[in-house]
Amino acid sequence: MYKLPLRNVSRTARLVHPRAPIAAAAGSWSALRYASTKTMTVREALNSAIAEELDRDDDVFVIGEEVAQYNGAYKVTKGLLDRFGERRVVDTPITEYGFTGLAVGAALKGLKPIVEFMSFNFSMQAIDHVVNSAAKTHYMSGGTQKCQMVFRGPNGAAVGVAAQHSQDFSPWYGSIPGLKVLVPYSAEDARGLLKAAIRDPNPVVFLENELLYNETFEVSEEALSPDFTLPFKAKVEREGKDISIVTYTRNVQFSLEAAKILEKDYGVSAEVINLRSIRPLDVDALIKSVKKTNHLITVESTFPSFGVGSEIVAQIMESEAFDHLDAPVMRVTGADVPTPYAKELEDFAFPDAPTIVKAVKSVLSIE
């Protein structure tokens, strides 16, 4: 397993305390639907999805720290207070345990909260409400009590925010029955998955990547519709025949870069699969890909132990896909250390395109 990659790419420095208000990246966006735009940032996609769902359903509301007057720590909720008012966009004190408990109670009474965590590291303060109340009440009530809500915000490492603000909680929440866990990559993912999450009758954990917020993606005309939603299924971002690279969020970008290098330098046709959903995990899509390519690596920016890649390996081993493997599955992960603060060390702690290329070469026995 590769744990110590070479160097991260496309990083944007942020020189503020992670708990302090964070200025938005350059550019402007609107809470309105982008009827004629063919490109959109992830931030714009999230903003427009929330606005449309607030418009569509009066039971939906947004709650969290700085979501209203400050327009959101990452400006995802920009303009929503002006448009929908204080009843629908609710600022709170710095108390994740408090406002998450309030939101869970509101969901149990039939409202549909969107809870923003300034960082999913701070969701640890509220994990009892998320894991014990939101996730389990429907089951424990014999199906009589729904808890329809979304927990969203940036997840995983950013830049220079050190060990207590850099963890990827995909495996944590993905292990909990009663929760659905989504991990968007592109603007179209962000729009379609968030709208679907808000409408889903179950509690949904929606894990965004801070470093993708200002990335621009092409979007289809279909994705601009207020009725656009996406299923909680994996997406083949790049077709290939020699090896399957399974990943999610920002590592999709690095995997696509690696696939181009592999094709150009080694004649390797790599298939890149964007999971989009951790729970439910689209095992059928993974089996289908492995049956075609006969090789598999997983890529994630989590700690190596008990991660998403580990679950994928187990699912493949326990399925008919195992008989189609021509080499062992390899996991590409983050380093098995608390995330360093120093940039030189941080750059070594997470996967990048060269690391993925090195793993593929190992699996395919390419010198």
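Rule-based calculations on the coordinates, nothing more; no lab input. Small disclaimer: the values here were computed from a predicted structure and weren't measured. No Cβ is skipped: glycine too gets one built from the backbone with ideal geometry, and neighbour counts run over all protein chains shown.
Below is a table of values for the structure above.
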| read-out | value |
| --- | --- |
| Mean separation of Cα contacts under 8 Å (6+ apart) over length of segment 39-224, as relative contact order % | 26 percent |
| log10 of Debye I(q)/I(0), alpha-carbon scatterers only, for the chain at 0.10, 0.12 Å⁻¹ | -0.60, -0.87 |
| Environment charge at Ala321 (Cβ cut-off 12 Å; Lys +1, Arg +1, Asp -1, Glu -1) | -2 |
| Contact order normalised by residue count of the chain, Cα under 8 Å, 6+ apart, percent | 20 percent |
| Most fluctuating residue given options Gly143, Gly334, Gly105, as computed from a GNM of the chain linking Cα atoms under 10 Å | Gly143 |
| Rounded to the nearest 20 debye, dipole of the chain from Cβ charges on Lys, Arg, Asp, Glu | 260 debye |
| For segment 39-224, fraction of C-alpha pairs farther apart than 21 Å, in % | 46 percent |
| Segment 235-363: relative contact order as a whole-number percent, Cα under 8 Å and 6+ apart | 29 percent |
